[in-house]
Amino acid sequence: MEDKASRTGKIYITIVFLLLYIPIVYLILYSFSKGTTMTNFQGFSLKHYGELFADKRMLAIFLNTILIALLSSVCSTIIGTMGALAVHNAKRRHERETLLSLNSILLVSPDVIIGASFLIFFTALKLPLGFWSVLLSHIAFEIPIVLLLVLPRLDEMSPSMTNAAMDLGASPSQILSKIVLPYIQPGIIAGFFMAITYSLDDFAVTFFVTGNGFTTLSVEIYSRARQGISLEINALAGIMFIFSLILVGVYYLIETHNTGNGAKKSIVEVTDR
Amino acid sequence: MKKNFRGLFFTPYVLWLAMFVIAPVALIFYYSFFDIHHNFTLANYQEFFTSGTYLTMTANSVLYAFLITLFAILISYPMALVISKLKHRDLWILLVILPTWINLLLKAYAFIGLLSHDGLVNELFQFFGLPIQHMLFTDASFILVAAYIQIPFMILPIYNSLTDISNSYIRASRDLGATKWQTLTKVIIPMTLPGIKSGIQIVFIPSLSLFMLSRLIGGNKVITLGTAVEEHFLTTMNWGMGSTIGVVLIISMVIVMLLTNTKRKRRRA
């Protein structure tokens, strides 16, 4: 729209932006406080970061979380891309529609339902709860978003490219590796990053399927926060904030690179939950 | 492509669909017909629909989700409208997205500090001469924090549908003598209805099940459908009842989807 924003409009969004960011700034600010509570800032200190880095248990949980995020994103990117190829190659229209609506079930279901149903599922399979159940769940709920990010690239690819390759005698595997995959690569990378953030962000599903021995950062934050304020969590928030800033940065670099290459997908649409 | 080659992509994905989408949902339905001693029964449903506690809980849950969605729309719509008119709107919308990349638990945790007895909000109250309020562990604080978390997810779809409106519509309505207010209510809002609806979808359904927020911020006073599912599955181990509430949640999700799904019809028209 071309209308310029009015002054009241600008004041309004400034206030909303302030409200959006105050809790985050507040959270991170107190990670530098000498005190032990989130009230009355008591001078600058890095001691909570020190405590955090000395906390062996926290370090192990941090590594677990990263490991789960990376492994699950790699697997879900592979399966999700295959799924996108399957949907793209679906012969009949209703086959495609059915696959797509089944795909979106996990995207729209409330986390509690996903968590509870996976818990029943793993118990029915007699799979012990822990690392593997968490990993499988993360792979499972990351696949649909990968598919949704890869599919548009596939759909906008002109069929004449594969036809030409076929006429020139390329085998199906050559077509896939030399034509299709390079073309949809930006979608695959975007899907991979989205999958990582989904994994890092998830609490509810993990909480249901994690059992006793295994913990991720989200679950740990929850159990500590239930006990009250500990500025170590604030320090953790500081680190995770920087971590997600880096992720966002990398993601948008890739995205803008993609749009530079002619993909018209808007940056904003991608991040819809 | 050759048939067996196609099967190669199909198999893992369809296997995933069967194992992690269809099977779990089927299992939830299946379990909802069993009691705690694993006998087949309809008692769970009977209990749900006859006991006052479950019905009030459902009503409360829907009410909370409704209020959260309502506040989110009221704050997000003007926000999206103003941002869509800004010069560097891509940058501003990025600033809206950024908080969504921060772990939900950390945001909830920040509010434990903000709303606590001597937290920032009470300090502000004191500054303006207002009495100290006990805000933590109340319904209002739960709704406030939930709305805070959901607002970016409401702004995005509305913003997307706003930027999709072609300028010529706005110009046409102005040329035909519409006031700014008329343009907004008769042209812009109707045209962004799909965005509002998908925003409702994105916000309302998760709001029914934010059990971690009701535990951390609502104390144990706010009990939603999500809290009840969590409690039945992880504390009392009554999976049958938990599944029954889960089925109710799934059904309410389908209802919301049906009520807000207009996209398909539009495309066909």
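No value in this document is a laboratory result; all are computed from the given coordinates. Small disclaimer: the values here were computed from a predicted structure and weren't measured. Glycine gets a Cβ as well: all are built from the backbone with ideal geometry, and neighbour counts include every protein chain shown.
From most to least packed by mean Cβ count within 10 Å, the peptides B:139-146, A:61-68 give B:139-146, A:61-68.
Give me the extension gain from residue B:130 to residue B:22: residue separation times 0.36 nm, minus the current Cα-Cα distance, reported in nm with one decimal. Let's see the in-between values first.
Working: separation 108, 0.36 × 108 = 38.88 nm, distance 5.43 nm.
Value of the extension gain: 33.5 nm.
Quick check on chain A: helices-only [θ] at 222 nm, where DSSP H runs of length 4 and up contribute -39,500 (n - 2.57) each and the sum goes over total residues. Nearest 500, please. Don't jump to the answer; show the numbers that get you there.
Values: 12 runs with 200 residues, N = 273.
So the calculated ellipticity at 222 nm is -24500 deg cm²/dmol.
With a ≥ b ≥ c the root eigenvalues of the C-alpha gyration tensor of region B:194-263, is it rounded (a/c under 1.5), prolate (a/b larger than b/c) or oblate? Cα axes put region B:194-263 in the oblate bin. Give me log10 I(q)/I(0) at q = 0.10, 0.16 Å⁻¹ for region B:102-214, Debye formula, one equal scatterer per alpha-carbon, no solvent. Each listed q maps to, in turn, -0.49, -0.82.
Between the alpha-carbon centres of region B:186-232 and region A:143-199 there is a gap of 35 Å.
Quote the relative contact order of chain A in percent (integer), defining contacts as alpha-carbon pairs under 8 Å separated by 6+ residues. Write down the numbers at each step before the final one.
Numbers: 265 pairs, mean separation 77.4, N = 273.
It rounds to 28 percent for chain A.
A straight chain from residue B:257 to residue B:220 at 0.36 nm per residue would run longer than the Cα-Cα distance by 10.4 nm. Think of the protein assembly as shown as a dipole: +1 on every Lys or Arg Cβ, -1 on every Asp or Glu Cβ, centred on the Cα centre; then among B:248, B:200, A:45, B:200 lies furthest on the positive end.
Look at the stretch A:17-29: the mean tally of other chain Cβ atoms within 10 Å of its residues' Cβ atoms is 5. When Rg and the Kirkwood radius Rh are both evaluated on Cα atoms of region A:81-141, their ratio Rg/Rh stands at 1.08. Farthest toward the dipole's positive end in region A:133-233, which of A:179, A:169, A:216, given Cβ charges of +1 (Lys, Arg) and -1 (Asp, Glu) about the Cα centre? Selected residue: A:216.
Taken along the Cα-to-beta-carbon direction at a fixed 7 Å, the label points for residue A:167 and residue A:57 span 6.7 nm. Per residue of B:109-121, how many C-beta atoms from partner chains lie within 10 Å of its own C-beta, taken as a mean? Average per residue, whole number: 6. Over all Cα atoms in region B:1-109, the spread is summed up by Rg and Dmax: 23.3, 64 Å.
Only Lys, Arg, Asp and Glu count, each charged at its Cβ (+1, +1, -1, -1), so figure out the dipole size of chain B about its Cα centre, rounded to 20 debye. Please report the intermediate quantities before stating the final value.
Details: 20 positive and 10 negative charges, 366 e Å.
It comes to approximately 1760 debye.
When chain B is described by a simple charge dipole with +1 on each Lys and Arg Cβ and -1 on each Asp and Glu Cβ, the residue from B:110, B:169, B:132 located farthest towards its positive end is B:169. For the pair residue B:186 and residue B:166, what calculated FRET efficiency results from E = 1/(1 + (r/R0)^6), where r is the Cβ-Cβ distance and R0 = 22 Å, to the nearest 0.05? The pair residue B:166/residue B:186 has a calculated efficiency of 0.90.
Do the sum for chain B: with -39,500 (n - 2.57) for every DSSP H run of n ≥ 4, divided by all residues, what is the mean residue ellipticity at 222 nm, to the nearest 500 deg cm²/dmol?
Values: 14 runs with 183 residues, N = 269.
Here the helix-only value at 222 nm equals -21500 deg cm²/dmol.
Tell me, what does the Kirkwood hydrodynamic radius of the protein assembly as shown come to in angstroms if you use every pair of distinct C-alpha atoms?
On the way: mean 1/r = 0.0400 Å⁻¹.
That comes to 25.0 Å for the protein assembly as shown.
Order B:217-227, B:152-162, A:88-98, A:217-227 from most to least packed using the mean count of other Cβ atoms within 10 Å. Kindly include the intermediate steps, with their values, before the conclusion.
Working: B:217-227: 21.5, B:152-162: 24.4, A:88-98: 12.5, A:217-227: 18.7.
Top to bottom by mean Cβ count within 10 Å: B:152-162, B:217-227, A:217-227, A:88-98.
Is the C-alpha gyration tensor of region B:45-268 telling us rounded, prolate or oblate? Criteria: a/c under 1.5 is rounded; beyond that, a/b larger than b/c is prolate, otherwise oblate. In terms of gyration-tensor shape, oblate.
Take each residue in A:115-128, count the other chain C-beta atoms within 10 Å of its C-beta, and the mean is 6.
Close amide H contacts of residue B:34 (hydrogens built in the peptide plane, cut-off under 5 Å, sequence separation of 5 or more or a different chain): B:41. Can you tell me how region A:7-271 classifies by the Cα gyration tensor, rounded, prolate or oblate, using a/c under 1.5 as the rounded cut? Prolate shape, in that a/c is at least 1.5 and a/b is the bigger ratio.
Computed from point charges on the beta carbon alone (+1 for Lys and Arg, -1 for Asp and Glu), the dipole magnitude for region A:7-271 about its Cα centre is near 220 Debye. What FRET efficiency comes out for the pair residue A:37/residue B:42, r = Cβ-Cβ distance, R0 = 51 Å, nearest 0.05? It comes to 0.50.
Charges were assigned to the Cβ only: +1 to each Lys and Arg, -1 to each Asp and Glu. The resulting dipole of the protein assembly as shown about its Cα centre is roughly 1540 debye.
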